[in-house]
Each structure stands twice: as structure tokens, then as C-alpha cells.
């Protein structure tokens, strides 16, 4: 027999159900009764895992789930009750999925900070009913994007402020170092080997060997360790790299010092913390 989905089983129960309040009792008088009962049991396969893993239901309160199940199944085509149950379901999604996802996007693993559920719901209700909204949907989308970036930047500043200052101080010292040259936008370099080949433009594909370090000397990436050169277009990398590559003659080896604004800024890439200045040894092997 073809398997029904859990949702289909709930719908089927609503159509065939003749349940009374509370937990219904089986009464198998004929084949249809037995079929109904058998389908009901068959559809519980994997249900507990679905409830706990997908719907975040604590099975300690399984009686409450059964209560809600009975009410929903017996509501039939009552439009008023259907709207109420839909609100319950979407409200749970807001609480358990949307808000948690937004919090993680903005605050990461920090469980102390959170967006305001009250204001979220105020906006959600205003947008749903079309009454009393303080901004249009288009304005809200633009505002949300701008404010999210601002809040994330502020959170990152609070968390990594000391590291940011260390990197800024380091770049200020590099600027004073003898033999250091500036490429613009705070990017500096030191020539280790002077090449005599062509200088790529930003759309050129190049072959390079490189090693990238953080201020604390942690090596976060190295083509030397992988045993083969990297190949990419000059405009496919962070701005500081593009600036360096489009000023390097083929055959050159430079030490390049890139401020966070020309690297990954306030983004956390895992290996590279927000506001990190980056130090690269770059060897331009050729233009392809």
C-alpha cells in the first residue's frame, strides 16, 4: 500500500473522524472501521522523531499534543478554528525557527543578545492585517537589511574590538617601516624579488604561490603546503589582493599587508576573525 505523509494522515483523520472529546476509543464494527484504525497506526511510524527533531516538541507533553491533535482533527472545515490553528503553527515557527535563525545570523553563538519578539510580532501583525504599519513592506526590507548590517557590525566591534585595535596599530607601524611602499586604500607591500614580466589587469587569470598569515603568525592558507600554485582571475579575490596583483610584474615576490577594510571586514570566516589585517607572501608566477 502506498505510504501517506503525516500531513495526509491528519487530513484523512479530519475527514473520516467521528471522535469525541478526549482520546478516541477504537470501535472496529466493519472493514472501513478497521481500515481507518490501521491507517491511523501505520501513520505514526517515525512520528515521534518528526515531532522532536522537526517540530521541537517535548514528548513529556505528549498528552498536550494529543489534545491539540483531537481538536484540530475534529474542527473539520470550521474556518474560524482553521485560522486559529494556522496562527498557532506560524507562531511556533516564528519562535522556534525564524527568531532563532535571525539571532544566530546577527549574534552568532551569543545566547544573551536577541531581537525583540514583541516588536517582531508588532511588525508581523501590522504587515499581515495591513493596519497601523509604520513602513511599507519595501521600506521594511531595506530598513531590515541596513539595520542588520549596523547591528552586526556593532556586535562584532564589541566582541573583537581589542583585536581590531591591534591590527590597526600594526598597520600603522608597517606604514612607517623602511622599504615599505603603499598601493593605496591602506594596502602596503615590500618587494622580496623584483619581477620584470607583464603586469596583469583585473580580468586576467593568473598563477600564484602564496602564504597567508594573521597578526599572531597563524598561517591560515598556503598554496605551498598544498604543493601546487593557485589559479584565478585577479578580480575574484579580496580587494587587497586585486590591488596587489594588478601592480605586480610577473616574476615578483612581495610581502603584502592588507587592512581589514580591504580583506574580510567584520565577517567571520572561521579561520579569520572579524577585523583581521592579513599578511601575504605572494609570488606571481604568470598570466594565463
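Of note:
- Of the residues making up segment 86-115, those that are modelled with pLDDT under 85, part of a loop (DSSP other than H, G, I, E, B) and under 14 Å from residue 151 (Cα atoms) number 3.
- One residue from 182, 228 being surrounded by fewer than 16 Cβ atoms within 10 Å (Cβ to Cβ) and touching a helix residue (DSSP H, G or I) at 6+ places or on another chain (Cβ under 9 Å): 182
- Given (1) part of a loop (DSSP other than H, G, I, E, B); (2) in contact with a strand residue (DSSP E or B) (Cβ under 6 Å, 6 or more places away or on another chain), index of the condition residue 220 fails: (1)
- Complete set of residues in segment 199-219 that are in contact (Cβ under 8 Å) with a residue 60 or more places away in the chain and surrounded by 14 or more Cβ atoms within 10 Å (Cβ to Cβ): 200, 204, 206, 207, 208, 209, 210, 211, 212, 213, 214, 215
- Output for segment 265-288, where each listed residue is buried (at least 18 other Cβ atoms within 10 Å of the Cβ) and either assigned to a loop (DSSP other than H, G, I, E, B) or in contact with a helix residue (DSSP H, G or I) (Cβ under 8 Å, 6 or more places away or on another chain) (or both): 266, 272, 273, 274, 275, 276, 277, 278, 280, 282, 284
- Residue 42 at pLDDT 80 or above, surrounded by 12 or more Cβ atoms within 10 Å (Cβ to Cβ) and more than 30 Å from residue 125 (Cα to Cα): yes
The values are calculated or read from the model by the stated rules, or taken from the named source; none is laboratory data. Values in this document were obtained by computation on a predicted structure and should not be read as measured data. Because the Cβ atoms are built from the backbone with ideal geometry, glycine has one as well, and the counts that use them run over all protein chains shown.
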